[in-house]
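What follows is one structure encoded as structure tokens, with my remarks underneath.
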Amino acid sequence: MSKTKKSRGYDIGGSKYSFDIVNDKIAGIRKADDNGQFGNSLVNEYLNPRLSTFGDIAASSEALNAYNIAKHGSNKNSYEDSAVQATSAELQDYFNEQDKKSTNQAPISGNFLPSNPDFRGAGNNKKRNKPYEFTRDKGDVYAYPSDINTDQDHLKIQKWEYVRPNINQSKPNQGLAKQDTNVAGDSVKGSKLQGSVLLPMPKVVDVNGADWGENKITAFGLAALGGSTAASKILGLTPGLTDEERGKQTEALNRLKGEGQFGAGVDSEGLEEFRKTLGQVASVSVTSGVAGLAGNALGTQISPDTFLARTGGAVLNPNAEMLFQGPVIRDFNFSFLMIARSEYEGKQIRKIIKWFKKGMAPKFRNTTLIKSPDIFTLEYRNAGGLLKTVNRFNPGGLALTTVNVDYAPSGYWSAYRDSQPVAVKMDLNFTELRPIYQKDQEDDDVFRGSDSVGF
């Protein structure tokens, strides 16, 4: 038969904690409420032993004092230098037992459980789902539902302090090392983790885009562009050349300067193209000039197209084509319906909402400057790690641009005795901080495998 002793409260790091000693071993740590009281709330006051906070407090001098008093009483001569702690399995079993007790104290009457199949693990199951393994997380960790089963697919959102180590962050993720070590992208590199939120798998939509636009250029522009292109080739200014090609052009230009004559040592093809474009410019200019003279003589304006159409049954070729305008930065919209099944879960929902609102808010520095809000990293995960069957998110982070909370999604106010709404609908909009490049997709093929859908 287990023998349990409960210690008095100790002030540690601005909060009050007490210790449960079972069979002369530290088995549990309780945290008092905001008023420094124990047992006045239906919330589970016991710390999850998988949290780093648990280990820190269990290793404190206060924990040792509580252990010695529970084991040896007033016999200080028998006090030990270190406290004996229960095994990991015993700690977790004890926590689960206390968590179950707190949950049973706050049942919600009626069947208000979500029917949405996206809310996996939130049903009326007799068997309690596994708690999230917090060992890799730092800061506050919240979850909805509170007993979310992370063996199943879910969305993990982490909040980071925004740091810019470089003036230009619009570049691909640099190599696979960061991914292999599960380090976030450049925008959050070296920043501080502000906590995590675990949510059920939402409706997943992946939209990748590239901005292509129609471009038209008349003979005037085309001739000018041709002349510029030819001249750039002659002068060694052609964009997009390799270092070897640019070196050859520079060498030709130097010979041109040394010999003091135009065309010496210059690519004959370039000179011919230049002469050709000059002829095009002349032809177009004549057409435009004739149209302009005719218009002035008649006191009206005649466009070159009108002149050509009425005299020769032709118009200037618009030379229309689609040209790449730039990348499209992706955004993601998520909607979560959260229904509190206990007072504890209602408090978790409120904390989650506050956590997002706080993260997206700018930080006041002074009357002149304000600091950027926090940024977020998103991952679809399960017990096997990152999912490769759905998209990944930019490792450089995302900005939370909108938080929309509907406290009466049914259309009318409905709440429990503590005024917690029966249902809360939370809509989140995230926008990636930089575009996705081809290199990102190629690196994902190596890291996640060729059967991954990529970013």
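Since every read-out is calculated from the coordinates, none of them should be taken as a lab result. This is a predicted model, so every value here is computed, not measured. Positions of Cβ are generated from backbone atoms using ideal geometry, with glycine treated the same way; all protein chains shown enter the neighbour counts.
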Inset, instruction - Report the one residue of 359, 453, 397 whose Cα lies farthest in the direction of the positive end of the charge dipole of region 359-455 (charges on C-beta: Lys and Arg +1, Asp and Glu -1; origin at the Cα centre). - result: 359
Legend entry - Packing rank of 75-84, 423-432, where each peptide gets the mean count of other beta carbons within 10 Å, highest leading: 423-432, 75-84
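Mind giving me the FRET efficiency for residue 410 and residue 389? R0 is 35 Å, r the Cβ-Cβ distance, nearest 0.05 is fine. Display every interim value, and only then the final one.
Working: r = 33 Å, r/R0 = 0.95.
Here the calculated transfer efficiency is 0.60.
With charges set only on the Cβ (+1 for Lys and Arg, -1 for Asp and Glu), what does the dipole of region 329-425 come to about its Cα centre, in debye to the nearest 20? Before the final figure, lay out each step's value.
On the way: 16 positive and 7 negative charges, 59 e Å.
Once rounded to the nearest 20, the dipole reads 280 debye.
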Inset, instruction - Evaluate the charge dipole of region 4-104 about its Cα centre and quote only its size in Debye, nearest 20, assuming +1 on the Cβ of each Lys and Arg and -1 on the Cβ of each Asp and Glu. - result: 220 debye
Inset, instruction - Take the cross-link list 192/371; 357/439; 31/425 and give me the ones stretching past 22 Å between alpha-carbons. - result: 357/439; 31/425
Inset, instruction - Determine the gain in length on full extension of the stretch residue 372-residue 453; use 0.36 nm per residue of separation and subtract their C-alpha separation, reporting nm with one decimal. - result: 26.0 nm
